[in-house]
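Have a look at the structure below, then the notes.
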Amino acid sequence: MEGVMVAADAHVLPGYAESLGRYQSGASSLFSNRYLIAAFISFVVAQSLKLVTTWYKEKRWDMKKLVSSGGMPSSHSATVMGLVTAVGLSEGTGGSIFAIALVLASIVMYDATGIRLQAGRQAEVLNQIVFELPPEHPLADTRPLREPLGHTPPQVVAGALLGCFLAYFLHQLSSSAYMSP
């Protein structure tokens with residue numbers, strides 16, 4: 001078969017077998033990457049908590065909160081701070097990977113409380129203006145803009161603390177698993 005290489009042909013291209021092995025193990029290592037796991041679990045828990053906070057505030061279950069942006073706590077902040085904390089606990093805070101994660105987290109959290117929050121507030125005003133238009137106006141049928149885009153500072157702080165806590169908890173859990181006989 002032309003164009004198809006098998007492991008027996010590895011002698012033709014030096015390093016092919018090693019590359020194939022790294023590729024195959026790369027897919028499985030993706031699902032065991034402690035940094036990704038900490039970030040993902042932080043995201044899922046934060047999004048799930050939005051259901052609870054919505055119920056507490058509005059006394060109704062809103063399943064749309066599982067996939068929406070905005071609200072308490074910030075899942076973006078939880079995700080990036082879960083990543084930062086996991087990296088810091090495993091690699092230390094002096095390395096480049098920690099610096100990259102911390103800068104990323106800072107940008108995401110700044111954006112959530114700045115640009116995205118203001119865009120959401122503008123959407124509220126624009127929706128109100130369109131709502132008050134007379135029915136014959138060409139924009140009266142315009143679909144409303146999404147309003148909860150950003151986060152208030154307390155929502156960002158709550159998400160960041162949640163991400164740090166969950167990453168620390170997962171780190172402690174995995175450390176104790178290695179220590180047990």
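Let's see how each residue does on (1) of a type in the set (Asp, Glu); (2) touching a Ser or Thr at 6+ places or on another chain (Cβ under 8 Å):
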residue	(1), (2)
58	yes, no
84	no, no
113	no, yes
118	no, no
154	no, no
Kindly indicate whether any position in the stretch 63-75 is in contact (Cβ under 8 Å) with a residue 12 or more places away in the chain, part of a helix (DSSP H, G or I), touching a Phe, Trp or Tyr at 6+ places or on another chain (Cβ under 8 Å) and not hydrophobic (A, V, I, L, M, F, W, C).
yes
Between 133, 126, 162, which is of a type in the set (A, V, I, L, M, F, W, C), assigned by TED's automatic domain parsing to the domain that holds residue 48 and modelled with pLDDT of 75 or more?
162
Which condition number in (1) without any contact (Cβ under 8 Å) to a residue 24 or more places away in the chain; (2) touching a helix residue (DSSP H, G or I) at 6+ places or on another chain (Cβ under 7 Å); (3) over 30 Å from residue 173 (Cα atoms) is the one that residue 112 fails?
(1)
Of the residues that make up the stretch 115-137, is at least one touching a residue at least 40 places away in the same chain (Cβ under 8 Å) and surrounded by 13 or more Cβ atoms within 10 Å (Cβ to Cβ)?
yes
Which residue is surrounded by the most Cβ atoms within 10 Å (Cβ to Cβ), if the candidates are limited to the stretch 78-97 and must be more than 17 Å from the chain's Cα centre (by Cα) and not small (Gly, Ala, Ser)?
89
For the structure I just gave you, tell me whether residue 158 is touching a residue at least 24 places away in the same chain (Cβ under 8 Å), closer than 30 Å to residue 38 by Cα and touching a helix residue (DSSP H, G or I) at 6+ places or on another chain (Cβ under 7 Å).
no
Within the stretch 101-114, tally of residues that are hydroxyl-bearing (Ser, Thr, Tyr) and loosely packed, with under 14 Cβ neighbours inside 10 Å
2
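The values are calculated or read from the model by the stated rules, or taken from the named source; none is laboratory data. Note that this is a predicted model, so its numbers are computed, not measured. Neighbour counts run over all protein chains shown; Cβ positions are idealised from the backbone, glycine included.
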